[in-house]
Amino acid sequence: MMISLDFDPFDPAVLADPFAHHAAVRDAGPVVFLPRIGCFAMARHAEVQAALKDFETFLSGRGVGLADFNREEPWRPPSLLLETDPPVHDRTRGLMNRVASLASLRKVMPEWQAKAEDLVAGLVGCGPFDAVPAVAEAFPLSVFPDLIGLREDGREHLIPYGTVAFNAFGPRNALLAEAMDRAQAATAWVAESCRREHLRPGGWGAQVYEAADRGECSHAEAERLVRSFLTAGVDTTVNGIATAIHAFARFPAEWQRLRADPTLVKRAVEESLRWGGTVQTFFRTTARDVDVAGVGIPEGSKVLLFLAAANRDPRHWNDPDRFDVTRQASGHVGFGFGIHQCLGQMVARMEAEAVIGAMIPRVADIREAAPARRRLNNTLHAIDALPVEFIPA
């Protein structure tokens, strides 16, 4: 039986505190209909993970936001990774996986660790500071653009560009309008910076164009693929680092557990991704009539997948609202699941590991200097300000 739920996930009050509403969506049923936005929704882990895995039924190529690209014009050319289906997706994802390889990341990790150590050392014992600009934004902007080979000037534009990109997955509301207005210069800078002539030799961006030279994609596709790096590798990483610091400030005993056993750092990163819900939602569109848990969903229906709600589903996780660095959090859907998993997930993980790893021997305690402030976004559970103090070890 299909259950209709009078709930708008894009209401500002919901965006400000989405976790307060997730239980009601999960408990209403495995599949519900949301008449306020005219789409179906799933919030339980089993159904969300299964839908993400079934790319042939739950399409990404018609848009992973509320807009259906078969009926609406996207605000920018669709991503050749996130917003395509096989066979195009297989070709472009294979190319990008070869460029953004684990081996290439391991090569730069010592440099990232040194930069993280310098950054953290300058903040320990300095009194209260805002960890969003000082750490969560500062570190990714100091390492990621060099990995891509971006020009030096204008890198600050990556933050507002990511903000509008993730807002665009929701409705055409005031949040999107304001973000697009603020990001005009950023959008223009990104478009310029993704051109071959503005990319440094040897970076991931230049390597994508070299793949185009070999016929693995067109040169027009190469420009769009480089742009995909800039969406996948900044905002989720910035908010992921901020969320991890916030989690340790809220759960100080977990910080002490990690300091006592630094080998838990990878588990701690995965747990912060599960617990924090940086990416709250993504959409799919049904390719055919499909039955999910006894609910019929017609072909061409938009389906909203509550990733963050699935990651705290008590049907799958024990004590899910607790942040626990010893938890085995594999199977979370913080970066999606299946063939459309976030391209930047390895970058986000390794940047977070570098920052947290630098903090472990230097920071005895992480104290909240004031409550965290959220920045509303249609897709991200973003932290706008995070006043903390790093107490020296």
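Could you tell me which numbered condition Pro371 fails, if it satisfies all but one of (1) part of a strand (DSSP E or B); (2) surrounded by fewer than 16 Cβ atoms within 10 Å (Cβ to Cβ)?
(1)
Quick one: count up the residues across region 217-231 that are in contact (Cβ under 8 Å) with a residue 60 or more places away in the chain, closer than 18 Å to Ala188 by Cα and among the hydrophobic types (A, V, I, L, M, F, W, C).
Summing the residues that are in contact (Cβ under 8 Å) with a residue 60 or more places away in the chain, closer than 18 Å to Ala188 by Cα and among the hydrophobic types (A, V, I, L, M, F, W, C) in region 217-231 gives 4.
List, please: which pairs have Cβ atoms under 7 Å, are six or more places apart or on different chains, and start with a residue in region 339-355 that is under 18 Å from Leu380 (Cα atoms) and end with one that is open to solvent by 30 Å² or more (accessible area, probe 1.4 Å)?
Short answer, once both residue conditions are applied: His340/Phe55; His340/Leu82.
Could you check region 62-89 and list, in sequence order, the residues that are touching a Phe, Trp or Tyr at 6+ places or on another chain (Cβ under 8 Å) and either among the basic types (Lys, Arg) or more than 21 Å from His219 (Cα to Cα) (or both)?
Arg62, Gly63, Val64, Gly65, Leu66
Could you look through region 268-301, keep only residues that are acidic (Asp, Glu) and surrounded by fewer than 21 Cβ atoms within 10 Å (Cβ to Cβ), and pick out the one that is nearest to Gly357 (Cα to Cα)?
Looking at residues that are acidic (Asp, Glu) and surrounded by fewer than 21 Cβ atoms within 10 Å (Cβ to Cβ), I get Glu270.
For region 58-176, which helices (runs of 4 or more DSSP H) that fit wholly inside it have 3 or more residues that are open to solvent by 60 Å² or more (accessible area, probe 1.4 Å)?
Fully inside region 58-176 and qualifying: 88-99, 102-121.
Of all residues in region 190-211, count the ones that are farther than 16 Å from Ser101 by Cα and among the acidic types (Asp, Glu).
Number of matching residues: 2.
Considering each of Thr84, Thr57 in turn, give the residue that is within 22 Å of the chain's Cα centre (by Cα) and among the hydroxyl-bearing types (Ser, Thr, Tyr).
On inspection, the qualifying residue turns out to be Thr84.
List every residue pair whose Cβ atoms sit under 8 Å apart, with the two residues 6 or more apart in sequence or on different chains, where the first one lies in region 238-262 and is closer than 11 Å to Leu386 by Cα and the second, anywhere, is outside any helix (DSSP H, G or I) and open to solvent by 60 Å² or more (accessible area, probe 1.4 Å).
Pairs found: Ala249/Arg367; Ala249/Glu368.
Could you tell me which residue of region 200-216 is nearest to the chain's Cα centre (by Cα), considering only residues that are more than 16 Å from Leu147 (Cα to Cα) and open to solvent by 10 Å² or more (accessible area, probe 1.4 Å)?
Glu216
Just the residues that are open to solvent by less than 30 Å² (accessible area, probe 1.4 Å) and among the hydrophobic types (A, V, I, L, M, F, W, C), please, taken from region 338-359.
Residues satisfying the conditions are Cys342, Leu343, Val347, Ala348, Met350, Ala352, Ala354, Val355, Ile356, Ala358, Met359.
Could we say that Val265 is open to solvent by 10 Å² or more (accessible area, probe 1.4 Å) and of a type in the set (Val, Ile, Thr) here?
Here the answer is yes, as Val265 does meet what is asked.
How many residues are assigned to a helix (DSSP H, G or I) and among the acidic types (Asp, Glu) when one looks only at region 347-368?
2
The values are calculated or read from the model by the stated rules, or taken from the named source; none is laboratory data. Everything numeric in this text was worked out from a predicted model, so none of it was measured. Neighbour counts run over all protein chains shown; Cβ positions are idealised from the backbone, glycine included. Just the protein is used for accessible areas: all its heavy atoms, side chains included, with ligands, DNA and RNA removed. Shrake-Rupley method; radii C 1.70, N 1.55, O 1.52, S 1.80 Å.
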